[in-house]
Amino acid sequence: MTSLSGSQGYIQARDEAKNIDIGNSGSLSSPSLESTAENGPHLLRNVDDRPYFPLLRADPSDEASVLEVAKVIVLSRVINGVNEEDAAIGDVATIDGDGEKNGAKEEETWRTRGDISAEEGGKVTVITGGLTNALFKVDLSITNGNDTPHDPVLVRIFGADGMIDRDEETSTFARLCDQRGRGMVHYQLNLLGRFQNGRVETWISNMRQAHQIHDFKTDGLALEVARQMARLHYGFDADVEARAEAVRQPTLWSVTEKWIGKVCQQLSHERFQKDASLLEIFSIAAVGNITSDSKTVKATLMDELKWLRNQVETQHPTAPIVFCHNDVNASNILLHASIDDNGGSDELYNRGSVSIIDYEYGSINYAMYDIANFNCEHCGGNDNGMPNFELLPSAERQRVFLEEYIRERDSILSSGKGEDEDEGEAVTSRASISEALAEEVSGLLAQVELFQASSNMYWGIWGILQAA
């Protein structure tokens, strides 16, 4: 089966699903896909070399539904990976609920395909801590020919409807996983496949979520986050060079503006206009005072956004723009279970024991915004809406973080150049590097301070929109 690619690949797959009718035999017929997808065959399309089922949905309140999407996608990888040319109807195949491929050319079951067997049942565990999505660990009753159980998987059911371009985000995540050997993401992290309202990923074993206070105070974790951020910013091929110049612009301003518009649309909704007290609560949260006019809220927020943008573009016109995670908080950092709340030596923190996850808000953005946001996440507030700004990293901790970040960045940028310094040049370089580093760190700290205000505005509006 030919694989589509990028965000356009997902769009094309959905267009195909709308235009093709597949009956239970897998051949063209009536009824439509929509009427057979729930319990019958599911349209299968490969996007970014991974299975995509555009009509298969999961219900976060139904464990059987969560189990079903995990089972279908895991089993579909066997056919996709071993023999794709057998797909029916050109590039379209169907998979039924028992893991059987239906097609006009040839009918083969999963049991004959790599001696895979899938028994009924499995275990679904709700994962807490996610702020946007519904997350589940799924242990499948699937074994290979040696009776080796399949590794658990993570099922992610998308939330924040309309706030994230899931086609672009999932395609970018696939590229990240494909380049994981560069140390930007954990070596175990992989995208297994996507369904209509979510996706299935590998489950990284023996890991726990970081704690915003106990873990964030450790030097070793901060230094490893700095290194991984630098690898993401300067080592990830985000397919940016092949795109138009407009795509390489920082998304901070456009996304925040879009969210402001959505907030004001919500405040104009009938339920707010009929409930003055509810409107007061949201207007105070948005602009700090009581107003019943959503236009006033929008104007106030847009003025603040324009002021921030002007400050950034005036004071830091050459601020580096890279691919950013944009949401490195405690919930999005996994630590190896052997690292307890008391931390450990700096050597314990490396690309195998620290995993930054959940790239759904990732985009082209200012590099220092990513670091500023990480600083703000030290203050907490995700659980109770009350961040403690006294927990911001000290100026010295921020300086040490940036020094490590710069060292890793420079290592990435200089690798593969094949330029040899003679001994005299090396001595000169060593003599001046400390001064140059200190100067650069001071300049970046000024950027970070300004972007901390941008981060607070960005996530403040996000929170209001989620609550509305």
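For the reader, a short list of remarks on this structure follows.
- Filtered by the rule that a residue be polar (S, T, N, Q), over 21 Å from G130 (Cα atoms) and in contact (Cβ under 8 Å) with a residue 60 or more places away in the chain, region 442-465 gives Q447, Q452, S454.
- Residues in region 17-36 that are surrounded by 17 or more Cβ atoms within 10 Å (Cβ to Cβ) and farther than 11 Å from L55 by Cα were compared, and the one that is modelled with the highest pLDDT is I22.
- Within region 171-203, the residues that satisfy the criterion of being touching a helix residue (DSSP H, G or I) at 6+ places or on another chain (Cβ under 7 Å) and of a type in the set (F, W, Y) are Y187, F195.
- Taking every residue in region 389-405 that is at pLDDT 95 or above and part of a helix (DSSP H, G or I) and pairing it with any residue that is basic (K, R) and crowded, with 16+ Cβ neighbours inside 10 Å, at least 6 positions away or on another chain, the pairs with Cβ-Cβ distances below 7 Å are E404/R227.
- Per the listing I356, I321, I333, the residue uniquely touching a strand residue (DSSP E or B) at 6+ places or on another chain (Cβ under 7 Å) and either open to solvent by 60 Å² or more (accessible area, probe 1.4 Å) or without any contact (Cβ under 8 Å) to a residue 24 or more places away in the chain (or both) is I321.
- Selected residue (only one of A88, A118 is surrounded by 15 or more Cβ atoms within 10 Å (Cβ to Cβ), closer than 30 Å to R208 by Cα and at pLDDT below 55): A118
- If you go through region 413-468 and keep only what is open to solvent by less than 40 Å² (accessible area, probe 1.4 Å), modelled with pLDDT of 85 or more and of a type in the set (A, V, I, L, M, F, W, C), you end up with L437, V441, L444, L445, V448, L450, F451, M457, I461, W462.
- Residue that is in a strand (DSSP E or B), charged (D, E, K, R), farther than 30 Å from I406 by Cβ and at pLDDT 90 or above, where the choices are R208, R199: R199
- Filter pass, S7 being of a type in the set (S, T, N, Q), at pLDDT 90 or above, surrounded by fewer than 19 Cβ atoms within 10 Å (Cβ to Cβ) and assigned to a loop (DSSP other than H, G, I, E, B): no
- Residue selected from region 280-312 under the condition open to solvent by less than 70 Å² (accessible area, probe 1.4 Å) and either among the β-branched types (V, I, T) or touching a strand residue (DSSP E or B) at 6+ places or on another chain (Cβ under 8 Å) (or both), by the criterion modelled with the highest pLDDT: V312
- Among the residues of region 184-224, those identified as under 17 Å from R409 (Cβ atoms) and over 16 Å from the mean Cα position of the chain (by Cα) are A222, L223, E224.
- A count restricted to region 159-177 and to residues that are free of Cβ contacts under 8 Å to residues at least 60 places away in the same chain and either of a type in the set (A, V, I, L, M, F, W, C) or open to solvent by 40 Å² or more (accessible area, probe 1.4 Å) (or both) stands at 2.
The values are calculated or read from the model by the stated rules, or taken from the named source; none is laboratory data. Since we're looking at a predicted model, the values are computed, not measured. Backbone-built Cβ (ideal geometry, glycine too); neighbour counts: all protein chains shown. The area values use the complete protein model at the heavy-atom level, side chains included, leaving out ligands, DNA and RNA. Shrake-Rupley method; radii C 1.70, N 1.55, O 1.52, S 1.80 Å.
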